[in-house]
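Shown next, in structure tokens, is the structure this report addresses.
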Amino acid sequence: MKVGLVTYTPDRIEGFDLYVYYAKWADGSVFPAAKNMQNDITCFCDAKAIREDPNIVAVSKNGPALRKNRKINLPFDFVCPTNPEYRTKVLDHIKGLDSEDIQGVTLNLYHFADEEFCVCPRCVDLWLQSGLNWIEWRAQTITGFLREAKSLVKGTFAVEMFPDPVLAKERFGIDFEHIAPLVEYFHVPLSSRDYFTNYWVDLLARDFLKVLKKPAVVELSAEMLTSDKVDALLKTMAYLSRHDLMGVLLLVHDSENAKQVCRFAVNNGAFRAWLRKFEFTEMMRIVRNWAQLY
Ligand SMILES: [Zn+2]
């Protein structure tokens with residue numbers, strides 16, 4: 001199992017195999033490409049673009065796809081994915097990134113906000129013209145966008161997803177079966193403030209491994225750590241290391257967080273004894289590797 005980092009700064013910290021850098025955020029911020037890294041692009045969540053042109057927001061009968069609309073429970077503000085100008089803007093951005101010396105592109109938030117989206121006049125027209133049912137039209141719209149994006153990327157192409165292995169197609173238009181041939185791997189974010197309760201990480205990792213027909217990496221949050229939180233995080237990683245995952249990624253606030261995780265694993269005798277006692281051989285290998293560096 002590989003171990004990697006998801007970062008807001010383009011630093012390569014020793015002891016990791018995969019580096020994912022957030023190059024475009026859901027608030028609309030855009031940053032220069034990170035060389036030799038996987039560059040992660042937020043597609044249809046863009047609070048800044050919606051502020052500048054409120055007409056581009058996705059809509060439902062319960063109102064717009066905005067965080068401030070509390071009739072619905074959305075974590076970000078969503079642009080309608082069939083808006084031609086905005087779509088072109090995102091694809092141009094991906095093309096621009098690909099001309100830099102990057103490892104590849106990971107897309108996130110490239111889907112519909114939820115099942116009741118989007119019923120703007122353009123989406124309804126396109127749906128009726130397609131002759132498909134609502135779920136199929138939405139799925140084909142999203143897969144079509146990903147196919148176009150992939151054609152612009154020479155390096156590794158991957159996608160994140162809203163971590164729902166069962167209703168992803170109905171709710172978001174994320175059709176794992178048809179996306180699988182386009183990607184090298186799936187990036188499953190299982191974010192949390194802490195992992196003191198972690199059965200759900202194991203549960204979702206198993207479900208996704210069953211559903212996805214391509215390799216998968218699971219992302220865990222490693223921000224704002226205390227010793228107790230690092231201990232729970234590392235034990236959660238250890239359980240994940242028993243599955244057939246391509247890797248585990250740690251989302252860190254800065255490089256110091258990443259080093260803190262490594263140092264805790266290396267220097268905490270009780271944690272290393274726990275790994276030995278319960279025979280987490282793959283996790284022990286990872287910690288031994290960190291011990292050469294930290
Ligand atoms: Zn629409």
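What follows draws every value from the coordinates through simple rules; no lab data is involved. Computed from a predicted structure; not experimentally measured. No Cβ is skipped: glycine too gets one built from the backbone with ideal geometry, and neighbour counts run over all protein chains shown.
Viscosity 0.692 mPa s, temperature 37 °C: what is the translational diffusion coefficient of the range 8-54 from Stokes-Einstein with a Kirkwood Rh over Cα pairs, rounded to a whole number of µm²/s?
Working: Rh = 11.7 Å.
Using the Kirkwood radius from Cα pairs, D works out to 280 µm²/s.
How large is the translational diffusion coefficient of the range 197-257 in µm² per second when you combine the Kirkwood radius over alpha carbon pairs with Stokes-Einstein at 37 °C and 0.692 mPa s? Let's see the in-between values first.
Working: Rh = 12.2 Å.
After rounding, the answer is 268 µm²/s.
Convex hull of alpha carbon positions in the range 85-179: directionally averaged projected area 6.3 nm².
With Kirkwood's inverse mean 1/r over C-alpha pairs for Rh, give me the Rg to Rh ratio of the range 1-106, two decimals please. Across the range 1-106, the Cα-based Rg/Rh ratio is 1.05. Principal axis extents of the Cα atoms in the range 180-294, from largest to smallest and rounded to whole angstrom, are 42, 30, 28. Along the axis of the charge dipole computed for the chain (Cβ charges of +1 for Lys and Arg, -1 for Asp and Glu, origin at the Cα centre), the listed residues Leu182, Leu240, Tyr21 are led at the positive end by Leu240. Compactness ratio for the chain: Cα radius of gyration over 2.2 N^0.38 Å (N = residue count) comes to 1.03.
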